[in-house]
Amino acid sequence: MKKFNTLISAKLLRDFLSGNVKNIRVLDSSWHLPSLQRDANIEYAEKHIPKASFFDIDECSDETSQFSHTLPRQSHFEDYVGSLGIGNNTHVIIYDNSETGFFSAPRAWWTFRVFGHQSISLLNGGFPQWCLAGYPTASEKPSFTKQTYSASINKSMLKSFDDIARNIENREFQLVDARGTGRFYGTTAEPRKGMPRGHIVGSVSIPYSSIIDPETKQVKNPADLKRMFTDGKIDLEKPVTATCGSGVTACCLALAGHLCGRDIPVYDGSWSEWSVRSEPHQRVSPTDAEA
């Protein structure tokens, strides 16, 4: 099977789609914060990359959880991706339609990796780069023959509430928060109504947008990503876990770590779970000063 890089350019994806490269599936995994009042399903139906299917991170999630888009059961993931025509030997290429070029696509990338799928890439710069290059778009929804998919969970990619709680006491890993600095420090309201402000005790802030080069709107090179972690007081030679608001943008930092040769697990429940389940001393509110 052809070897693909983790990040691919819009030109390379266009060449794949117009050429004879087989067994590829393209997924639009766009998802937007509630405050933006954007409907990713509607936007996909209006315009997407030709042959792309829509990967709904809310639909492919644990329907029994009180928290948004947490990881689905293994059987649910297998059925969902199989219905998209994806088998174990399919190479999956994911993008999203965020203005920043990356927002929710790394969440889908990480989900596939948690369930053992390694043949997966991301469109660098996302749908904006595709459109900027003037490449064609489509509104038709493609159909594929349903495949049988067999997942194998990689638990090392995932952290739970209990893992984070234990880490506050024993400091086995560094914890980095991908939300914007305003949300991290609690000076900006959370996008979900009624959610408390603040962050997990002991965590540091590296906003997910830091992985993007502001000039090219694409992911920074590994040297710059390593510098980003260092500047954010994260030592990549030691264990790191990423968190955010609901487990979406934390995956951007997991991607950055991967590009630097380090696997960074994600706390799936993130602040959505932590803010309601943790004890007061385990979180920092805007009025607190962390010791």
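The values are calculated or read from the model by the stated rules, or taken from the named source; none is laboratory data. Computed from a predicted model, the values in this text were never measured in an experiment. Quick reminder, even Gly has a Cβ in these numbers, built from the backbone with ideal geometry, and neighbours come from all protein chains shown.
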>> Regarding the stretch 171-194, can at least one residue be identified that is assigned by the TED database to the domain that holds residue 250, over 21 Å from residue 104 (Cα atoms), among the small types (Gly, Ala, Ser) and surrounded by 13 or more Cβ atoms within 10 Å (Cβ to Cβ)?
In response: yes
> Considering only the stretch 257-279, how many residues are in contact with a Pro (Cβ under 9 Å, 6 or more places away or on another chain) and either closer than 21 Å to residue 195 by Cα or of a type in the set (A, V, I, L, M) (or both)?
Replying inline: 5
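Name the residue, out of 145, 137, 216, that is loosely packed, with under 14 Cβ neighbours inside 10 Å, within 30 Å of residue 9 (Cβ to Cβ) and touching a Cys at 6+ places or on another chain (Cβ under 9 Å). Write out each step before concluding.
Numbers: 145 fails: touching a Cys at 6+ places or on another chain (Cβ under 9 Å); 216 fails: touching a Cys at 6+ places or on another chain (Cβ under 9 Å).
Result: 137 is the single residue among 145, 137, 216 that is loosely packed, with under 14 Cβ neighbours inside 10 Å, within 30 Å of residue 9 (Cβ to Cβ) and touching a Cys at 6+ places or on another chain (Cβ under 9 Å).
Quick check: anything in the stretch 183-191 touching an Asp or Glu at 6+ places or on another chain (Cβ under 7 Å) and in contact (Cβ under 8 Å) with a residue 40 or more places away in the chain?
Let us first name the residues in the stretch 183-191 that are touching an Asp or Glu at 6+ places or on another chain (Cβ under 7 Å), namely 183-184.
Filter again for in contact (Cβ under 8 Å) with a residue 40 or more places away in the chain, leaving 183.
Checking the stretch 183-191: at least one residue is touching an Asp or Glu at 6+ places or on another chain (Cβ under 7 Å) and in contact (Cβ under 8 Å) with a residue 40 or more places away in the chain.
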>> Just checking, does the stretch 233-253 include any residue being within 19 Å of the chain's Cα centre (by Cα), charged (D, E, K, R) and outside the structural domain of residue 55 (by the TED database)?
In response: no
> Assuming residue 191 fulfils every condition listed in (1) at pLDDT 95 or above; (2) under 27 Å from residue 202 (Cβ atoms); (3) in contact with a Pro (Cβ under 8 Å, 6 or more places away or on another chain) apart from one, which condition is it?
Replying inline: (1)
> Can you tell me which residues in the stretch 82-118 are within 19 Å of residue 31 (Cβ to Cβ), in contact (Cβ under 8 Å) with a residue 60 or more places away in the chain and over 14 Å from the mean Cα position of the chain (by Cα)?
Replying inline: 83, 84, 86, 92
> All but one of (1) more than 19 Å from the chain's Cα centre (by Cα); (2) of a type outside the set (Gly, Ala, Ser); (3) in the same structural domain as residue 232 (by the TED database) hold for residue 140; which doesn't?
Replying inline: (3)
> Among the residues of the stretch 133-168, which ones are part of a helix (DSSP H, G or I) and in contact (Cβ under 8 Å) with a residue 60 or more places away in the chain?
Replying inline: 156, 157, 161, 163, 164, 165, 167, 168
>> Of everything in the stretch 22-51, what is among the small types (Gly, Ala, Ser) and farther than 22 Å from residue 134 by Cα? Give them in sequence order.
In response: 35
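From the list 206, 211, 164, which residue is touching a Gly at 6+ places or on another chain (Cβ under 8 Å), surrounded by 14 or more Cβ atoms within 10 Å (Cβ to Cβ) and under 30 Å from residue 286 (Cβ atoms)? Give the derivation first.
Details: 211 fails: touching a Gly at 6+ places or on another chain (Cβ under 8 Å); 164 fails: touching a Gly at 6+ places or on another chain (Cβ under 8 Å).
206 is the lone residue from the list that is touching a Gly at 6+ places or on another chain (Cβ under 8 Å), surrounded by 14 or more Cβ atoms within 10 Å (Cβ to Cβ) and under 30 Å from residue 286 (Cβ atoms).
For the stretch 254-280: of the residues being farther than 16 Å from residue 113 by Cβ and either among the hydroxyl-bearing types (Ser, Thr, Tyr) or assigned by the TED database to the domain that holds residue 102 (or both), which is surrounded by the fewest Cβ atoms within 10 Å (Cβ to Cβ)?
Ranking the qualifying residues of the stretch 254-280, first place goes to 278.
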>> I need a count of the residues in the stretch 51-81 that are outside any loop (DSSP other than H, G, I, E, B) and small (Gly, Ala, Ser).
In response: 3
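In the stretch 209-239, which residues are among the acidic types (Asp, Glu) and within 13 Å of residue 259 (Cα to Cα)?
Scanning the stretch 209-239 gives a single hit, 224.
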>> Can you list residue pairs whose Cβ atoms sit under 8 Å apart, with the first residue in the stretch 39-57 being of a type in the set (Asp, Glu) and at pLDDT 95 or above and the second being in a loop (DSSP other than H, G, I, E, B) and surrounded by fewer than 21 Cβ atoms within 10 Å (Cβ to Cβ)? Count only pairs 6 or more apart in sequence or on different chains.
In response: 46/139
